[in-house]
Amino acid sequence: MNNEVALITGASRGIGKGIAIAMAREGWNVVINFRGAKKAAEETKAECLQAARQSGHQIEAVEVQADISCPTDRKRILESVRERFGRLDILINNAGIAPKERADLLEASEESFDLLMQVNVKGPYFLTQACAKWMQDQKKSDPTRSPKIVTISSISAYTASVNRGDYCMSKAALSMLTPLFASRLAEDGIGVFEIRPGVIATDMTAGVKEKYDHLIESGLTPMPRWGTPDDVARTVLAICKDSFPFSVGEVINVDGGFHLRRL
Ligand code: NAP
């Protein structure tokens, strides 16, 4: 039985849910963070337990309501994990939001910019800081441990969408998290990685489905299909299973080839 613990932020729905289920299936205990969707988080928990059972693992899954942009909520997440498990092996910085309304760069509001920066940048940055310090302590007391921090950014870290500049700015800033923490934590044996998803079918992209259907049909990506939460989850698993033992700070594109320049 694997008694390792993975904390996945924003795991009630979408990509985070896919990651939680995949990790549970492989025997990790999972901490399912969510902001407001309690029922969805409970469903994720049930699906995690079922996936683990079906693959012969006995795990624990817990939901923790917390807004990652709020300092006291972040503290509460870690207190819950300490109390329940006494350890943390994996942090997946997945929670993130898009602007409530897509607005032209020349009109978009400061309020939306601030909110996106708080949730998409400040939240993961300080949650990573707190988890990293705890991981350092755990590694000192048990050097066989192999902690990891994986951040889900986006192709928007380097792709200009003029109708959601705030989202692009936040993901570009988030992309600096991995080189920073990877450099700082490599000597402690803590692996830090970034995953850059492309167009993935979740609630976040449901409102622009037709637009992206059309773009994909017209050749947006060399692989002509939408990505799925499971595409991202399988990549996370490879990292968490130590498949990249002499790599640190790597960015892995999970985007059907969107990032390739073509002529
Ligand atoms: P989603 O379906 O909208 O789910 C977002 C998840 O994040 C939900 O579980 C939500 O919780 C949680 N969340 C939102 N704000 C939070 C907060 N302040 N504190 C804690 N949890 C919070 O989104 P998704 O498509 O799965 O996206 C997941 C991540 O991948 C995001 O960072 C997103 O930017 C990134 N991404 C997505 C795509 C895509 O095409 N979908 C592409 C590239 C990158 P509640 O359910 O409680 O609201």
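Just so it is clear, none of the values below were taken in a lab; they were calculated from the coordinates. Because the structure is predicted, anything quoted here is derived from the model rather than measured. Neighbour counts are summed over all protein chains in view; Cβ atoms, including those assigned to glycine, are modelled from backbone coordinates with ideal geometry.
Scanning residues 5 or more positions from GLU63 or on other chains, those with amide H under 5 Å from its amide H are ILE32, with H placed 1.01 Å from N in the peptide plane.
For the chain, the relative contact order works out to 19 percent when only alpha carbon pairs closer than 8 Å and six or more residues apart are counted.
Only Lys, Arg, Asp and Glu carry charge here, each on its Cβ (+1 for the first two, -1 for the last two); on that basis segment 5-254 has a dipole of about 560 debye about its Cα centre. The modelled label-to-label distance for the pair GLN136/ALA206, using points 7 Å beyond Cα in the direction of Cβ, is 4.2 nm.
Projecting the Cα atoms of VAL208, ALA98, ALA46 onto the charge dipole of the chain (Cβ charges, centred on the Cα centre) puts ALA46 farthest toward the positive pole.
Amide H contacts for VAL254 (H built 1.01 Å from N in the peptide plane; partners 5 or more residues away or on another chain; cut-off under 5 Å): ARG196, GLY198. Among SER247, SER170, the ranking by other beta carbons within 10 Å of each residue's beta carbon, starting with the fewest, stands as SER247, SER170. For the chain, modelled as a GNM whose springs connect Cα atoms under 10 angstrom apart, the maximal fluctuation among ASP242, ASP142, ASP73 occurs at ASP142.
The string of couplings for segment 201-213 from the Karplus curve (6.51, -1.76, 1.60, θ = phi - 60°) is 6, 8, 4, 4, 9, 4, x, 10, 4, 4, 4, 6, 3 Hz, one whole number per residue in order, with x for Gly and Pro. Centre-to-centre, using Cα atoms only, segment 101-140 and segment 1-80 are separated by 20 Å. For segment 131-263, the relative contact order is 28 percent, taking Cα pairs closer than 8 Å that sit 6 or more residues apart in sequence and dividing their mean separation by the residue count.
Under a 5 Å amide H cut-off, with hydrogens placed 1.01 Å from N, VAL192 pairs with ILE149, GLY249 among residues at least 5 apart or on other chains. Which one, ALA20, VAL251, PRO179, is farthest towards the positive end of the dipole of segment 5-254 when Lys and Arg carry +1 and Asp and Glu -1 on their Cβ? The one lying farthest along the dipole's positive direction is ALA20. Taking 24 Å as the limit for the C-alpha separation, the pairs LYS39/LYS148; LYS45/LYS133; LYS17/LYS209; LYS38/LYS75 exceed it in the case of LYS39/LYS148; LYS45/LYS133.
Arranged from fewest to most other beta-carbon atoms within 10 Å of their beta carbon, VAL5, VAL208 become VAL208, VAL5.
Between GLN129 and LYS241, residue separation times 0.36 nm minus the direct Cα-Cα distance comes to 38.1 nm. Counting 0.36 nm for each residue step from SER109 to SER55 and taking away their Cα separation leaves a gain of 14.7 nm. A full extension of the chain between LYS38 and GLU83 corresponds to an added length of 14.1 nm, given 0.36 nm per residue minus the alpha carbon distance. In order along segment 224-229, the Karplus-derived 3J(HN,Hα) couplings, from 6.51 cos²θ - 1.76 cosθ + 1.60 at θ = phi - 60°, round to x, 7, 6, x, 10, x Hz, and Gly and Pro are given as x.
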